[in-house]
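Student: The structure under discussion is supplied below as structure tokens; questions concerning it will follow.
The values are calculated or read from the model by the stated rules, or taken from the named source; none is laboratory data. All values reported here derive from a predicted model rather than from experimental measurement. Glycine also receives a Cβ, built like all others from the backbone with ideal geometry; neighbour counts cover every protein chain displayed.
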Amino acid sequence: MLPIGIFTSLVGLIVFALAPSYIWALFAVFFIGIGSSIFHPEGSRVAHMAAGAKRGLAQSIFQVGGNFGQSMAPVLTALIFLPFGQKGVLSFSGFAFIGMVVLFFVSVWYKNHQPIRTPRDKQAHHQERNKREAFVHKRIVAAMVLLIFIIFARSWYSTCISNFYQFYLIHDYGLSIRAAQIFIFIFMISGVVGTFLGGPLADRFGKKTVILSSFIGAVPLTVMLPYLPLYLIAPVFLLIGLIITSSFSVTVIYAQELMPGRLGMVSGLTIGFAFGMGAIGAVLFGNLADLFSIRFVMILCSLFPLVGLLSALLPGDMKIRRWNKGMN
């Protein structure tokens, strides 16, 4: 599934570069999205398998790759899309092909490291898992729903900033397209650093602590961002990206430990579903910007990280370990 996911995205990439109309562009993006949704749950599972005792660090390394790629979007827009147009996308097809080759070898490693169980082992494993899930089912579901809600709000905020803040800078501050892209790049590249640091911090201080701290630290900054003068935006952007994304990989590990027998499913929920809902948020924000103003959208988005403060209600790391052992 790993190389198939990249191949699907490669097809979408090529179609997008050659798309003669908006409908074809949508068709291409559909393939890119399908490829991403195939890759991320399995990729997260492989990272979990290879992690050993450093699950936070491993998940951070895995997600830093994607976040770094996203952070380069503003730079690539300025350097490739503006001068070369949509056909400039073809220059990235070689990277996708290399990714397919690399993931083929990763898939071989993945297959060779699958645990070998006899039918009796499988039956005992399923019985034990069903017993554990029956014991903590309601509490796990409640915690998972709350976690997804928090990830959903964080995704909406990131989507709003990465897609619309540049228009706010252009419209309200009078910046050019190229200058506005620099601010988005600062936010996204600081997010790469935050994503990497979050995992090791979670290994040391606990996952719930890092998740809650990321929102406590970010909320004051996000709330005042729409009202700042231009000279303060870059440093505040740097801090917001660094702080709020420190929980990015940690929420995935937290979910995996909530439901250790469903690694693929929870990885899909915490990475794929949350990003998909973020895309729906982008459509909503675009309509709100047309209906009201881009400033209204920025003020609304600045409040979404407040939802993250609900992470104080999540069960702690020790409680999750007791749940997984069938204890109260």
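Student: Taking residue 81, is it over 24 Å from residue 262 (Cβ atoms) and at pLDDT 85 or above?
Tutor: no
Student: Here is a further query. Need at least 2 residues that are within 19 Å of the chain's Cα centre (by Cα) per element, so show me which helices (runs of 4 or more DSSP H) inside segment 199-307 make the cut, counting only ones lying wholly within it.
Tutor: 207-224, 230-244, 248-258, 263-267, 274-291
Student: Just wondering, is there one or more residues in segment 234-251 that are over 21 Å from residue 167 (Cβ atoms) and without any contact (Cβ under 8 Å) to a residue 24 or more places away in the chain?
Tutor: Yes, some residue in segment 234-251 is over 21 Å from residue 167 (Cβ atoms) and without any contact (Cβ under 8 Å) to a residue 24 or more places away in the chain.
Student: Then there's this: Please find, among 288, 197, the residue that is closer than 30 Å to residue 323 by Cα and in contact with a helix residue (DSSP H, G or I) (Cβ under 9 Å, 6 or more places away or on another chain).
Tutor: 197
Student: Could you tell me which residue of segment 1-38 is nearest to residue 86 (Cα to Cα), considering only residues that are part of a helix (DSSP H, G or I) and of a type in the set (Ser, Thr, Tyr)?
Tutor: 22
Student: In segment 287-328, how many residues are at pLDDT 85 or above, surrounded by 13 or more Cβ atoms within 10 Å (Cβ to Cβ) and not β-branched (Val, Ile, Thr)?
Tutor: 19
Student: Of the residues 68, 7, 27, which single one is of a type in the set (Phe, Trp, Tyr), surrounded by 14 or more Cβ atoms within 10 Å (Cβ to Cβ) and within 28 Å of residue 205 (Cα to Cα)?
Tutor: Step by step, each of 68, 7, 27 is checked, and only 68 is of a type in the set (Phe, Trp, Tyr), surrounded by 14 or more Cβ atoms within 10 Å (Cβ to Cβ) and within 28 Å of residue 205 (Cα to Cα).
Residues are listed down the side, and each one gets a yes or a no for (1) modelled with pLDDT of 75 or more; (2) touching a Gly at 6+ places or on another chain (Cβ under 6 Å):
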residue: 10; (1), (2): yes, no
residue: 35; (1), (2): yes, yes
residue: 42; (1), (2): yes, no
residue: 51; (1), (2): no, no
residue: 58; (1), (2): no, no
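Student: Just name the residue that is modelled with the lowest pLDDT out of those in segment 110-127 that are closer than 24 Å to residue 252 by Cβ and surrounded by 12 or more Cβ atoms within 10 Å (Cβ to Cβ).
Tutor: Across segment 110-127, the extreme among qualifying residues is 125.
Student: When you look at residue 226, is it surrounded by fewer than 21 Cβ atoms within 10 Å (Cβ to Cβ) and within 27 Å of residue 317 (Cα to Cα), yes or no?
Tutor: Criteria not met by residue 226.
Student: Looking only at segment 266-296, count how many residues are under 16 Å from residue 161 (Cα atoms), of a type in the set (Val, Ile, Thr) and touching a residue at least 24 places away in the same chain (Cβ under 8 Å).
Tutor: 1
Student: In the set 192, 145, 219, 141, which member is over 18 Å from residue 312 (Cα atoms) and not charged (D, E, K, R)?
Tutor: Among 192, 145, 219, 141, only 192 is over 18 Å from residue 312 (Cα atoms) and not charged (D, E, K, R).
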